[in-house]
Amino acid sequence: MPHPKTTFKRELRKITMTIAVSSNKMNLEGLDKIISDTWNKILNESKLVEAINSNSFDKYLYAIYMVETYHYTSHNARNQALVGTTFPENPVYAKYCFHHASEEVGHEKMAYHDLISIGINESAFTIPAPLPETEILISYLYWISSNGNPIRRLGYSYWAESCYQYINPLIYKIKTVLQLKSHQLTFFIAHSEIDEKHANEVTDIIQKVVKDEEDINEIITVAKYTLNLTGYMLDAVYKEYVDFLNGDSKRYNFLRDCLI
């Protein structure tokens, strides 16, 4: 059996061959394919996704997920801006980073709003520290934003701003089972409208700043790795939920008292 790293390198070379850079125009079909394959693997194997699809969840699972969403989202504007401050050599890219970061500021407030809207007693609620898997995702984004090829963070932006084709069925299921209104899902519904614009901007900046195969490889690697890290975070959320149901979650046991 080939080593996973060897398999990934072969896959990377094959996909890179399908992403052609010509006259500053880039065919993104190869990148789209690896993102699609990674999403499908997550959706097919995630116990959290299985629980949602089988209606085997309640508002406590949603609450845990939204807390972790609050955490990583609160860092996105900062690590995006960090790219521009660390690597100012390309003014077109730096300007994009600062502009995009400014539009990401405060998006975690939508997650917090949705969390409170499901019945959290805000006066008795203090957001717990993020799960280790969430911290790993956050830390990795800071690392790639301040080290190595600055273009590579676009791999995260590219899939994150266009993820709704994969997660919309899950959002609809959550809305239906928990009987939520649209105003209780602002992070997903309002955010999706904002992200549609951002997705077009990410594609545009990739076309402008990608120079060579190395840039493409870096974008692909970060896209796949950050999406996998997000999958690990989902796994951790579900495990924490199971521990909560069993009375074994020290981090989230407080929800029993403050979630009405």
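Please indicate, with yes or no, whether at least one residue in segment 252-259 is more than 15 Å from the chain's Cα centre (by Cα) and aliphatic (A, V, I, L, M).
There is at least one residue in segment 252-259 that is more than 15 Å from the chain's Cα centre (by Cα) and aliphatic (A, V, I, L, M).
Which of the residues belonging to segment 54-103 are surrounded by fewer than 21 Cβ atoms within 10 Å (Cβ to Cβ) and of a type in the set (D, E)?
Listed by number, the residues that qualify are D58, E89, E103.
Restricting the first residue to segment 65-92 and requiring it to be without any contact (Cβ under 8 Å) to a residue 12 or more places away in the chain and at positive phi, which pairs with a second residue that is buried (at least 22 other Cβ atoms within 10 Å of the Cβ) and of a type in the set (F, W, Y) meet a Cβ separation below 9 Å and a spacing of at least six or different chains?
none
Taking only segment 139-152 into account, find how many residues are farther than 16 Å from T85 by Cα and touching a residue at least 24 places away in the same chain (Cβ under 8 Å).
Number of matching residues: 1.
Do we find a residue being more than 23 Å from F254 (Cβ to Cβ), touching a residue at least 24 places away in the same chain (Cβ under 8 Å) and out of contact with any His (no Cβ under 8 Å at 6 or more places or on another chain) anywhere in segment 56-64?
No - not one qualifying residue is present in segment 56-64.
Just to check your reading of the model, which residue among Q165, Q184, Q207 is in contact with a strand residue (DSSP E or B) (Cβ under 9 Å, 6 or more places away or on another chain), of a type in the set (S, T, N, Q) and at pLDDT below 95?
Answer to the selection: Q207.
Could you list, in sequence order, all residues of segment 200-253 that are aromatic (F, W, Y) and either out of contact with any helix residue (DSSP H, G or I) (no Cβ under 8 Å at 6 or more places or on another chain) or under 19 Å from S145 (Cβ atoms) (or both)?
Y225
Return the pair list, or none, for Cβ contacts closer than 9 Å from residues in segment 115-138 that are farther than 24 Å from H183 by Cβ to residues that are acidic (D, E), at least 6 apart or on different chains.
A129/E135; P130/E68; L131/E68; L131/E240; E133/E68; E133/D235; T134/E68
Residue by residue, here is whether (1) over 25 Å from F57 (Cα atoms); (2) assigned to a helix (DSSP H, G or I) holds:
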| residue | (1), (2) |
| --- | --- |
| E135 | no, yes |
| I144 | yes, yes |
| Y158 | yes, yes |
| N168 | no, yes |
| L180 | no, no |
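Test of understanding: among D215, D243, D204, D257, which residue is among the charged types (D, E, K, R), in a helix (DSSP H, G or I) and either crowded, with 17+ Cβ neighbours inside 10 Å or touching an Asp or Glu at 6+ places or on another chain (Cβ under 9 Å) (or both)?
Selected residue: D215, the only one of D215, D243, D204, D257 that is among the charged types (D, E, K, R), in a helix (DSSP H, G or I) and either crowded, with 17+ Cβ neighbours inside 10 Å or touching an Asp or Glu at 6+ places or on another chain (Cβ under 9 Å) (or both).
Which of (1) under 27 Å from E89 (Cα atoms); (2) in contact with a Phe, Trp or Tyr (Cβ under 6 Å, 6 or more places away or on another chain); (3) surrounded by fewer than 21 Cβ atoms within 10 Å (Cβ to Cβ) is the odd one out, the single condition L137 does not satisfy?
(3)
Considering each of P130, P88 in turn, give the residue that is outside any helix (DSSP H, G or I), modelled with pLDDT of 95 or more and under 28 Å from N149 (Cβ atoms).
P130
The values are calculated or read from the model by the stated rules, or taken from the named source; none is laboratory data. These numbers were taken from a predicted model, which means no experiment stands behind them. Cβ sites come from the backbone with ideal geometry, for glycine too, and all protein chains shown count toward neighbours.
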